[in-house]
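Q: Sharing a structure here in structure tokens format.
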């Protein structure tokens, strides 16, 4: 299908909160297909619709090495089931070239719909738990750098400005 442009930090549209998907139709299926293509093209493991300037509660993920196991989350709701912190070095397709360790809960339970409108519930741990938390944050207008210290965020902003001027 189509590769969508990914919004880059500090674009203010990354801070918009996504709206609930009300109708599961061909448009939603097309958005999901385009998001999967965009995520794979960018070599990411997750993508939220807000990152491609579509402000609907849609997330696509695939943590497999060959993109053979995509999981689609529409209108995801998350509950932390184990709040033991685990640190992963996170990156973001909207903040290219920046990777920082972020602590997040170890285990989450997610209730969502697939692109057909079928509800499902699944528990996630490890990298997938981190990935889905990161992407749901996007739907709520939050970025992984928001978990960093103010000084670290300031250094990242300077680095991004420097990279843009090159």
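Q: Give the residue that is nearest to residue 86 (Cα to Cα), with candidates limited to residues of the stretch 96-121 that are touching a strand residue (DSSP E or B) at 6+ places or on another chain (Cβ under 8 Å) and without any contact (Cβ under 8 Å) to a residue 24 or more places away in the chain.
A: For the stretch 96-121, the residue satisfying everything is 101.
Q: Next up: Going through the stretch 28-50 one residue at a time, which ones are out of contact with any strand residue (DSSP E or B) (no Cβ under 8 Å at 6 or more places or on another chain) and either in a loop (DSSP other than H, G, I, E, B) or in contact (Cβ under 8 Å) with a residue 40 or more places away in the chain (or both)?
A: Of the residues in the stretch 28-50, the ones out of contact with any strand residue (DSSP E or B) (no Cβ under 8 Å at 6 or more places or on another chain) are 29-30, 33-34, 37, 40-44, 50.
Listed by number, the residues that qualify are 29, 42, 43, 44, 50.
Q: What residue, among those in the stretch 138-163 that are touching a helix residue (DSSP H, G or I) at 6+ places or on another chain (Cβ under 7 Å) and either touching a residue at least 60 places away in the same chain (Cβ under 8 Å) or exposed (fewer than 13 other Cβ atoms within 10 Å of the Cβ) (or both), is nearest to residue 97 (Cα to Cα)?
A: Of the residues in the stretch 138-163, the ones touching a helix residue (DSSP H, G or I) at 6+ places or on another chain (Cβ under 7 Å) are 138-139, 141, 143-145, 153, 156.
Filter again for either touching a residue at least 60 places away in the same chain (Cβ under 8 Å) or exposed (fewer than 13 other Cβ atoms within 10 Å of the Cβ) (or both), leaving 138-139, 141, 143, 145, 156.
Details: 138: 18, 139: 22, 141: 20, 143: 15, 145: 13, 156: 10 Å.
Among residues in the stretch 138-163 that are touching a helix residue (DSSP H, G or I) at 6+ places or on another chain (Cβ under 7 Å) and either touching a residue at least 60 places away in the same chain (Cβ under 8 Å) or exposed (fewer than 13 other Cβ atoms within 10 Å of the Cβ) (or both), the one nearest to residue 97 (Cα to Cα) is 156.
Q: (1) free of Cβ contacts under 8 Å to residues at least 60 places away in the same chain; (2) surrounded by 15 or more Cβ atoms within 10 Å (Cβ to Cβ); (3) part of a helix (DSSP H, G or I): which one isn't true of residue 14, the others all being true?
A: All conditions are met except number (1).
Q: Within the stretch 123-134, can one find any residue that is part of a helix (DSSP H, G or I), touching a helix residue (DSSP H, G or I) at 6+ places or on another chain (Cβ under 9 Å) and either closer than 18 Å to residue 11 by Cβ or at pLDDT below 95 (or both)? Before the answer, list the steps.
A: So the first thing to find is which residues in the stretch 123-134 are part of a helix (DSSP H, G or I), and the list is 126-134.
With the extra rule that they be touching a helix residue (DSSP H, G or I) at 6+ places or on another chain (Cβ under 9 Å), the set shrinks to 134.
Next cut, either closer than 18 Å to residue 11 by Cβ or at pLDDT below 95 (or both) only: 134.
Within the stretch 123-134, one or more residues are part of a helix (DSSP H, G or I), touching a helix residue (DSSP H, G or I) at 6+ places or on another chain (Cβ under 9 Å) and either closer than 18 Å to residue 11 by Cβ or at pLDDT below 95 (or both).
Q: Tell me the residue from 98, 80 that is assigned to a strand (DSSP E or B), farther than 18 Å from residue 70 by Cβ and modelled with pLDDT under 95, please. Lay out the reasoning, then the answer.
A: Numbers: 80 fails: modelled with pLDDT under 95.
Unique residue meeting the criteria: 98.
Q: Find the residue count for the stretch 92-113, including only residues that are more than 16 Å from residue 129 (Cβ to Cβ), surrounded by fewer than 16 Cβ atoms within 10 Å (Cβ to Cβ) and in contact with a helix residue (DSSP H, G or I) (Cβ under 9 Å, 6 or more places away or on another chain).
A: Looking only at that region, the number is 2.
Q: Same structure, new question: Considering only the stretch 6-48, state which residues are over 15 Å from the mean Cα position of the chain (by Cα) and on the phi > 0 side of the Ramachandran plot.
A: none
The values are calculated or read from the model by the stated rules, or taken from the named source; none is laboratory data. Note that the coordinates shown come from a computational prediction; the quantities given were computed from them, not determined experimentally. Neighbour counts are summed over all protein chains in view; Cβ atoms, including those assigned to glycine, are modelled from backbone coordinates with ideal geometry.
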